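Each reported figure results from applying straightforward, stated rules to the coordinates on display, with no laboratory input. Predicted, not measured: the structure shown is a model, and the values here were computed from it. When we count neighbours, we look across all protein chains shown, and the Cβ atoms used for this are built from the backbone with ideal geometry, even at glycine.
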Amino acid sequence: MEPMSFPEHGLTEEEIRSELESHKLDERRAHWSQAFRGPKDVQEVGKRAFAKYMAENGLFSMRLPNIGDVETAVIDMCVSLFNPPEGASGTFTSGGSESIYSAIHAVREWANEKKPNITEPELVVPYSVHPAFSKACHYYGLKITRTNLGEDLRGSPRAMEDAISSNTVAMVASAPCWPYGLFDPIEKIGDIATAHDLWLHVDACVGGYLSPFVERLGGDIPLWDFRVPAVMSISADLHKFGYCPKPSSTVLWRSEDLKKYHFVHPGDWPGGTYSMTGIAGSRSCGPIFAAYSVLRYLGVDGYTNLARELMEKKRDLIGRVNQIDGLEAWDNDLMPIVIGTTDLDLQAVKAGMSSLGWVLIAAADPPLINIPFDVSTDRDLIDLFVSELADVAGQVREGTATRREALQY
Ligand SMILES: *Cc1c(COP(=O)(O)O)cnc(C)c1O
């Protein structure tokens, strides 16, 4: 593509509209992994609220009650799902990554105060936690130690305890982790955190707004939230199974005392105290009002119904993938759907699917394809996916599809 010149004269609204149209991608296969948009009616509710409040500046949420009350209401509704002790609260953020940066920043500030002898703080985590923890540690100057998983691919409490050094300040566990959709044994990890006086953060970015409703349906969800006494903070993405428009996520704090480590009030400039809710300065109110509207539109029964439908579609897709010779969809704890292989070259399967236009997310260790999977994915697209996956798997088995592609996110 030619570098675009800055237009000497502005374009017409009509020209802009047609340019935007030209960037739309109609290939449905390319949208397969772009999940979490939710059903059309839910999207509409979010979109309308987003558009209405898009131009309002959330920087004023600590000053203007018409914004602040809505943000607080979102947080109150969200934290109530995680069996909080009295006084638990949270912060609205732009995504899982920001929620994680916020938590790790608070960890560092907490450790600075509580463990002043530690000058090189460390975080101990299972190998499978999201890379946002490595980024957070890089940004905030902590060392991260990823520990070996157990045979069951869950975090190993033993390996984590062995990795604790005199500099360790916190541990992380996932509920569930992205690559495998498996929960770490959070109660056991919590006992270790308590015994060593460490902060435990639970990353429920993918599972946070799904597992409470699956639990309500009688699903087998291990204890992971504030019911585990060691859990100090939780990251949970509204823009995943909360079906809210991006960018929206939450970081939840066990108590106001812990939340205070999140805030920074520099005050060393002409404008005085610079009180923000978190990392962002100016930000759109669109995501806050959209989240508010979607949460209230769906309610507990709406989310529970969507969770039921999602779990049924998951079971169906797993059953059908498992009929394909050489592929193995896992009966994991929650989401995403994970497809491994018994004896096929999954790099060739992924390349074959890519050449048909499917955009897939994968992991290499072990070889896996991850499917975020949206409850609103329609039957026809699921049928197309399964049938083309079977074709590609057959070609790989016969040796007629040999191009390979890295298995990566
Ligand atoms: C998606 C996800 C994240 C990061 O969230 P973003 O919104 O993409 O920044 C972190 N942890 C887990 C387990 C996730 O699934």
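For this structure, a couple of remarks:
- Extending 7 Å from Cα along the Cβ direction at ARG17 and again at ALA406 yields two label points whose distance is 4.2 nm.
- Segment 35-152 shape via C-alpha gyration tensor axes, a/c threshold 1.5: prolate
- Dipole magnitude (debye, nearest 20) for segment 142-255, charges at Cβ of Lys, Arg, Asp, Glu: 360
- Relative compactness, segment 108-163, computed as alpha-carbon Rg over 2.2 N^0.38 Å: 1.23
- For the chain, with +1 on Lys and Arg beta carbons and -1 on Asp and Glu, the positive-most of HIS9, ASN332, SER376 along the dipole: HIS9
- Rg of the Cα atoms in segment 175-250, relative to 2.2 N^0.38 Å, amounts to 1.12.
- Among the listed pairs LYS260/LYS314; LYS40/LYS188; LYS24/LYS314; LYS47/LYS260; LYS188/LYS246; LYS143/LYS188, those whose Cα-Cα separation exceeds 30 Å are LYS260/LYS314; LYS40/LYS188; LYS47/LYS260; LYS188/LYS246.
- Long hydrophobic helices in the chain: the complete DSSP H runs spanning 15 Å or more by Cα along their own axis with mean Kyte-Doolittle hydropathy of at least -0.5 are 65-79, 286-321, 379-398.
- Semi-axis lengths (Å, descending) of the ellipsoid that matches the C-alpha gyration tensor of segment 143-213: 21, 14, 10
- Mean shadow area of the chain over all directions, Cα convex hull, nm²: 23.5
- Extension gain for the segment GLU86 to GLU309, taken as residue separation times 0.36 nm less the Cα-Cα distance, is 77.0 nm to one decimal.
- For segment 1-53, a crude dipole built from +1 on the beta carbon of Lys and Arg and -1 on the beta carbon of Asp and Glu, taken about the Cα centre, is about 580 debye to the nearest 20.
- Sorted by Cβ density within 10 Å, fewest first, the residues MET1, MET54: MET1, MET54
- Using C-alpha pairs under 8 Å with a sequence gap of at least 6, the mean separation divided by the residue count of the chain gives a relative contact order of 22 percent.
- Cα-based shape type of segment 236-331, given that a ≥ b ≥ c are square roots of the gyration tensor eigenvalues and the cut on a/c is 1.5: prolate
- Most to least packed among 296-306, 11-21 [average Cβ atoms within 10 Å]: 296-306, 11-21
- Over the chain, dividing the summed -39,500 (n - 2.57) contributions of all DSSP H runs of at least 4 residues by the number of residues returns a 222 nm mean residue ellipticity of -12500 deg cm²/dmol.
- Positive-pole candidate from LEU149, ALA132, SER166, dipole of segment 121-167, charges at beta carbon: ALA132
- Taken over the alpha carbons of segment 310-390 as equal point scatterers, the Debye sum produces base-10 log I(q)/I(0) values at 0.11, 0.24 Å⁻¹ of -0.25, -1.37.
- Cβ crowding within 10 Å, taken as a proxy for footprinting-reagent exposure, orders SER282, SER255, SER128 from fewest neighbours to most as SER282, SER255, SER128.
- Antiparallel DSSP beta bridges within the chain, percent to nearest 5: 55
- Efficiency of FRET between ARG158 and HIS9 - r from beta-carbon atoms, R0 60 angstrom, step 0.05: 0.35
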